[in-house]
Amino acid sequence: MEIVNMLEAKSSLSRLVDAIEKGREREIILARNGRPAAKLVPVDAEPTGQRIGVAKGMFVVPDNIDRHNDEVARLFSGEGQSWRSGSEQNSEGSLRPWFELVLANSR
């Protein structure tokens, strides 16, 4: 592992990348004012690992998982929200954002 100062890295970036590509260096640390700031590594040096299907077989999806879709959509659209009081509405009749409500009630 080679440690290279930022000024040197600026002037010799091609040489540093070449050393990584050809395998002469596995990683090169770029330092700013003597402190490590970044790492130069080959593109394929960090394995991405499996992302899709990692939880396969760890849980069972119930057959009725979509049972409440219509109700959830209605709640997101704001239809049928009788629990909101008139004090939560502004002069135009629309609802204030939730965070404004929380702030107003916390004072």
Among (1) within 27 Å of the chain's Cα centre (by Cα); (2) open to solvent by less than 100 Å² (accessible area, probe 1.4 Å), K56 falls short only on (2)
Condition set among the basic types (K, R) and within 30 Å of the chain's Cα centre (by Cα), scope the range 11-48, selection most open to solvent (accessible area, probe 1.4 Å): answer is R26
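The values are calculated or read from the model by the stated rules, or taken from the named source; none is laboratory data. This is a predicted model, so every value here is computed, not measured. All accessible areas refer to the heavy atoms of the entire protein, side chains included, with ligands and DNA or RNA removed. Shrake-Rupley method; radii C 1.70, N 1.55, O 1.52, S 1.80 Å.
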